[in-house]
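Below: one structure, written as structure tokens.
The values are calculated or read from the model by the stated rules, or taken from the named source; none is laboratory data. This one's a predicted model, so the numbers in the text were calculated from it and none came from an experiment. When we count neighbours, we look across all protein chains shown, and the Cβ atoms used for this are built from the backbone with ideal geometry, even at glycine. Protein only, heavy atoms only, side chains kept; ligands, DNA and RNA dropped before computing areas. Shrake-Rupley method; radii C 1.70, N 1.55, O 1.52, S 1.80 Å.
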Amino acid sequence: MTLEEYIEDLKDKRIAVVGVGVSNLPLLRLLAEKGCDVTACDKSSAEGLGSVYDELAALGVKFVLGSHYIDRMDYDVVFRTPGLHPDKLKGAVRPDTVVTSEMEAFFAVCPCRIIAITGSDGKTTTSTLIAKLLAEEGYTVHLGGNIGKPLLCESAAFRPEDVAVLELSSFQLHSMRCRPDVAVITNLSPNHLDVHPSFEDYANAKKNIFLLQGRDCRLVLNLDNAYTAACAAEAVSEVIWFSRERIPERGYSYHDEAIYRGEERFLEGRDILIPGMHNVENYMAAFAATDGLVSAETCRKIATTFGGVAHRIELVRTLHGVRYYNDSIASSPTRTIAGLRSFDQKLILIAGGHDKLVPFDQLAEEIVQRVKALFLVGETAEKIRDAVRAAPGYDAAALPITVLDDFKETVLAASACAGEGDVVILSPACSSFDRFKNFAERGNTFRKIVEELP
């Protein structure tokens, strides 16, 4: 089905688009410009939407705004925003209403190969690596989903020989029907439990990335993660593994300080420019996803030249012998643990943020071992502090903990604590929504404060 045919099929239906955000705004414009009967539903007011409201109203879009925006959904088709759990629509939509999303529609109309990536940690770096590997090999690559930009409205211009690379969140995958040619699950650990009612609900959402795949598809899984390893039993597609702990029968492994493809010594670990063993895993996942599409020479070239993605252990500045790293993407304890393990010295850590209701016990144990001074800010500051104090081996004299209310004050205090040779890292272990719009705004704020240090 082409995009034109998909839109034509919607013209005799009443359509609601829930959420006037980045992913749905191009969709609203497209539907309205094609003459569809479309209503934008959002908890914001007309004043809150500002110029977007005026633009869409001029195109003929109707609106249901305010706190009761999804109370009664008498529509034939509802496009769900990724951040809205499907259960919130139960009882609001008719039994015959089709609930879908911009991303699900993209899968229906995309004319080219799709590589889709999800996971609790590492999916953005892995998606970026896959896109870079393919582009270097000469493919035209379209990077989107939870990274980059919405792709649905541009899909008519895609060619069959192109490749779409999609980072997919649990929110996007929840209730979604999709069949990527290659699916990657980097790892699974408790996350987003402030939105998902349980870890099972969260993990089941992630599984949608491969459950509809056929035998001609590929599934890339982390053999070292119990939850992803268990996914193989439910897969019909070909499974390719990656592992740092074992040597899989089919896939990529890391041992003897090198990445191996089967028995072939494929890439020296020292040649990977971005730091951390978690990035070794990201590379193995990317190599597995592009196996047969990208040459070994291209793999080695990208590994030795790619400096990493912004906000992911990003070196911001070296000042008076102190290195400052921005790891704002670390919005889960496991991600922060990976960041701490990327250095061979104890760090000065800035952490804390929005409470996603995940435990900090394991992180606390890592902090006791790998952190020399801890600075906490945000909703979870006291929760992390208490977990560290209760961790085995905690010594208040060896690991001072400072809790502050203001983000800038916290960064300045961490800087004042640092001496020559130290590393100060923002690696929050929490999402940013208590104080910032997203992790990028948090990271940019940290970067600006550090760059202004005298």
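Values for this structure:
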| read-out | value |
| --- | --- |
| Extension gain (nm, one decimal) between Asp96 and Lys43, 0.36 nm per residue minus Cα-Cα | 16.6 nm |
| With Cα atoms, 0 to 90° folded angle of helix 407-417 axis to the chain main axis | 20 degrees |
| Helical contribution to [θ] at 222 nm, DSSP H n ≥ 4, -39,500 (n - 2.57), averaged over the chain, rounded to 500 | -9000 deg cm²/dmol |
| Highest average packing first - 427-433, 230-236, Cβ atoms within 10 Å | 427-433, 230-236 |
| For region 368-386 versus region 62-116, the gap between their alpha-carbon centres in whole angstrom | 39 Å |
| Mean separation of Cα contacts under 8 Å (6+ apart) over length of the chain, as relative contact order % | 11 percent |
| Proximal charge balance of Val77 [Cβ under 13 Å; K/R count +1, D/E count -1] | -3 |
| Placed amide H near Phe63: partners under 5 Å, 5+ positions off or other chain | Ala40 |
| Packing rank of 371-380, 203-212, where each peptide gets the mean count of other beta carbons within 10 Å, highest leading | 371-380, 203-212 |
| Label point distance in nm, Glu409-Glu5, each placed 7 Å from Cα along Cα→Cβ | 6.2 nm |
| Rounded to whole Hz, the Karplus (6.51, -1.76, 1.60) HN-Hα couplings of region 137-144, x for glycine and proline | 6, x, 6, 7, 10, 10, 9, x |
| Per residue solvent-accessible surface (Å²) - region 351-428, probe of 1.4 Å | 43 Å² |
| Relative contact order [Cα under 8 Å, 6+ residues apart], region 81-152, whole percent | 32 percent |
| By average C-beta atoms within 10 angstrom, highest first, the peptides 438-449, 298-309 | 438-449, 298-309 |
| Long-range HN-HN contacts of Ser332 with modeled amide H, under 5 Å | Ala429, Cys430 |
| Under 5 Å, built H, 5+ apart or other chain: amide partners of His142 | Val163, Ala164, Val165 |
| Cβ-Cβ FRET estimate between Ala416 and Ala390, R0 fixed at 35 Å, reported to 0.05 | 0.80 |
| Neighbour net charge for His174 - beta-carbon separation under 13 angstrom, K R +1, D E -1 | +2 |
| Unit Cα scatterers, Debye sum, the chain: log10 I(q)/I(0) for q = 0.08, 0.09 Å⁻¹ | -0.50, -0.63 |
| Accessible surface of the chain [probe 1.4 Å, protein heavy atoms]: carbon and sulfur percent | 48 percent |
| Percent RCO, i.e. relative contact order, over region 26-101, from Cα pairs under 8 Å lying at least 6 residues apart | 28 percent |
| Simple label model, 7 Å out from Cα along Cβ direction - Ala57 to Asp76, nm | 2.7 nm |
| Accessible area (Å², per residue) of region 301-345, counting only protein heavy atoms and a probe of 1.4 Å | 38 Å² |
| Degrees, to the nearest 10: 439-451 long Cα axis against longest axis of the chain | 40 degrees |
